[in-house]
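Only one structure is covered here, and it is reproduced in the block below.
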Amino acid sequence: MACKKCQTEPVYVLQNHAPLCKQHYLHYFEKKVLKTIRTYKMLEKGDILVSALSGGKDSMTCLYLLHQYCQKQGIPVKALAIDEGIEKYREQTLKDAATFCKTYKIPLTVLSFKKMFGFTLDSYLKDHKMNPCTACGISRRYLINRGARELGATKVATGHNLDDEAQTLLMNQFKGNISLSAKLGPMTGALMHKQFVRRIKPLYFMTEKEVALYAVLMEFPVTFVECPNAEGAFRLQLGEVLNTWEQKYPGTKQGIVNSFLEILPSLREQFKSTKQAIGTCESCGEPAAKTLCRTCELLEKIKVKKK
Amino acid sequence: MQVIAHIERTKKTTKVELPAKATVKHLLEKLAVNPVTVLVTRDQKVLIETQELKDKDTVKILSVVSGG
């Protein structure tokens, strides 16, 4: 089997069974991401972009491609990393993030739970019985939005890929939280609140394996480590199920996401009233569905004031 | 033939007995690893599933699942 374009050794076989060599794989990947950026009009002249960077393969690939694109378009790019305080995990990925940003001369800001909230995720979980992914997700999303806004961003990019989106859709389905799916899609955050920064997901149509392959072929400084809190997480279990289906029935994840995109306009219309109900947190002034935002609710439990 | 497989996630190395002309797909089946979740490399080159392996090959299996 050889690359369908140049007959050299392949590194990947597309879903339509076409093998691609390294050079043509990189081209295929970049073209598809660029198409996503353009189709959804994710960026325009005058934008200021902040890309969330964990130091993993997804966010690094996302930042690299956006940096390339934005340089041509004259759009300023900054990177924002969140240090949740997860021992034996985040230290390494933050080191990778710093190495990457230094190489490509991208300004990097790091916000930590410790400094912003007064606790690390590890210490919080020690004292409170809570799903670690929920506590982490709420606080991380809060800091990404607030941090991006304070850095002057008009758009914030995340490295979410096709696997992430398919998993989230099924999680919402299984838990009966379909209104949450109305907030998904390649470009989100259209909720009318002045404190929200619109989110873009340029890797939306790329599978996790495709992103990993791109990062490996590009020799990005990525350490392939798994978050120690992920073990047993619902998302991870669902990911395993989806990967089993994907192996048996190739295109399963793409099918789930494509079906969702077809009904997304109706979903958004249906939950429009929820969107209008977005208010302001009484404690911190950030967007909130109730009187307090979810981060302040979390902090209320341990009586810590945000800085 | 025998192939040495180094699994990056667990940092474990295992010797796998395979029939002659076995491929990456056969190796992953034997290790009960879903090909969708990993990249397989030999001499730092990424291999596709139909790639034939040779006796005494050393391959690395890298999990692409980040979780969390």
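Every number in this text was worked out from the coordinates using simple rules, so none of it is lab data. The model shown is predicted, which means the values in this text are computed figures rather than measured ones. When we count neighbours, we look across all protein chains shown, and the Cβ atoms used for this are built from the backbone with ideal geometry, even at glycine.
Tell me which residues, restricted to the range A:214-227, are of a type in the set (D, E) and within 16 Å of the chain's Cα centre (by Cα).
A:E226
Where residues in the range A:121-147 are of a type in the set (D, E, K, R) and crowded, with 18+ Cβ neighbours inside 10 Å, which of them is farthest from A:I302 (Cα to Cα)?
Filtering first and then ranking leaves A:R146.
Give me the residue from the range A:153-191 that is small (G, A, S) and farther than 14 Å from A:F205 by Cα and, out of that set, surrounded by the most Cβ atoms within 10 Å (Cβ to Cβ).
Once the filter is applied, the top-ranked residue is A:A157.
For every residue, the table says whether it meets (1) within 8 Å of chain B (Cβ to nearest Cβ); (2) among the polar types (S, T, N, Q); (3) over 19 Å from the mean Cα position of the chain (by Cα).
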| position | (1), (2), (3) |
| --- | --- |
| A:G176 | no, no, yes |
| A:F196 | no, no, no |
| A:I200 | no, no, no |
| A:L203 | no, no, no |
| A:A212 | yes, no, no |
| A:N229 | yes, yes, no |
| A:G232 | no, no, yes |
| A:G239 | yes, no, no |
| A:K253 | no, no, no |
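Looking at B:V59, is it surrounded by 15 or more Cβ atoms within 10 Å (Cβ to Cβ), in contact (Cβ under 8 Å) with a residue 24 or more places away in the chain and either within 11 Å of another protein chain (Cβ to nearest Cβ) or assigned to a loop (DSSP other than H, G, I, E, B) (or both)?
no
With the requirement that a residue be loosely packed, with under 15 Cβ neighbours inside 10 Å and more than 8 Å from chain A (Cβ to nearest Cβ), what does the range B:33-55 give you?
Within the range B:33-55, B:D43, B:Q44, B:E52, B:K54, B:D55 qualify.
Report yes if A:Q270 is surrounded by fewer than 18 Cβ atoms within 10 Å (Cβ to Cβ) and touching an Asp or Glu at 6+ places or on another chain (Cβ under 9 Å), otherwise no.
For A:Q270, the condition - surrounded by fewer than 18 Cβ atoms within 10 Å (Cβ to Cβ) and touching an Asp or Glu at 6+ places or on another chain (Cβ under 9 Å) - is not met.
Take B:E8 and decide whether it is surrounded by 12 or more Cβ atoms within 10 Å (Cβ to Cβ), touching a residue at least 24 places away in the same chain (Cβ under 8 Å) and either touching a helix residue (DSSP H, G or I) at 6+ places or on another chain (Cβ under 6 Å) or on the phi > 0 side of the Ramachandran plot (or both).
no
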